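The values are calculated or read from the model by the stated rules, or taken from the named source; none is laboratory data. Predicted model, so just to flag it, every value in this text is computed and none were measured. Heads up, the Cβs are rebuilt from the backbone with ideal geometry, glycines too, and the neighbour counts pull from every protein chain shown.
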Amino acid sequence: MSLKNSSSDLDRLKELLLGDELEALAQIESKLKTLTILSDNPEEIKAKVLPFFDEMLLERLQDKGGAAISLLSDYLARIIAEASHRNNEALSQSLQGILSTAVSREIASNKDAMIDTLYPIMGGMVSKYVSTAIKELIENINRKIDDGLSMERYKRKIKSRVTGVSETELLLQEISEAHILSLFVIQKESGLLISEA
């Protein structure tokens, strides 16, 4: 095989593998030469050349093979991590709408899985709240009993015998005045916390 044949075979192989890219590159080189002749100002050159790169990038992103998307996806995690370090608040605001929509859709399509996911968290919160409420109730009862040598205790004993209601129930009635400590507004369909006061 002669050197001339191998050179033409190599050119043919390049054309088959990189046909569109070589053509686009040739166009860019041609336009760049024209621009260089027309202007020595780098800003003017950028303004005229960048639209071609944007167009090429858009074509690559729309390519069915997905090579550009595959390449960009490798860097996406690093880009997000860097954005979170530089301006976490802005990144959070940017992603908030997307994530809340995605979570709402996921909840609507798969309620049982979301309930199973949230149950350990909500169950722990409810359990802690109930145990705290019981602890406060016991402390209130103990305080009332400690203050038991007062006239109120004797009144309670008399009232218990007259009404037939146990002294313990009367004591619970005295200390179980309802106090709203927290108010939660929860969306019925999804179980998401809408507001808290």
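Tallying residues that are over 14 Å from the mean Cα position of the chain (by Cα), surrounded by 11 or more Cβ atoms within 10 Å (Cβ to Cβ), within 20 Å of SER190 (Cα to Cα) and not β-branched (Val, Ile, Thr) within region 81-118 yields 6.
For MET56, the requirement of being touching an Asp or Glu at 6+ places or on another chain (Cβ under 9 Å) and within 30 Å of LEU22 (Cα to Cα) is met. Scanning region 48-87 for residues that are outside any helix (DSSP H, G or I) and charged (D, E, K, R) yields ASP63, LYS64. With respect to the conditions (1) closer than 30 Å to ALA197 by Cβ; (2) at pLDDT 75 or above; (3) not in a helix (DSSP H, G or I), ASN140 falls short on a single one, namely (3).
Looking at ILE98, ILE45, just one residue is assigned to a helix (DSSP H, G or I) and modelled with pLDDT of 80 or more, and that residue is ILE98. Close contacts from region 179-191, counting a first residue that is on the phi > 0 side of the Ramachandran plot and a second that is surrounded by fewer than 10 Cβ atoms within 10 Å (Cβ to Cβ) and of a type outside the set (S, T, N, Q), with Cβ to Cβ under 9 Å and a gap of 6+ residues or different chains, come to none at all. From the list SER176, SER166, SER131, the lone residue that is over 30 Å from ASN110 (Cβ atoms), more than 40 Å from the chain's Cα centre (by Cα) and modelled with pLDDT of 80 or more is SER166.
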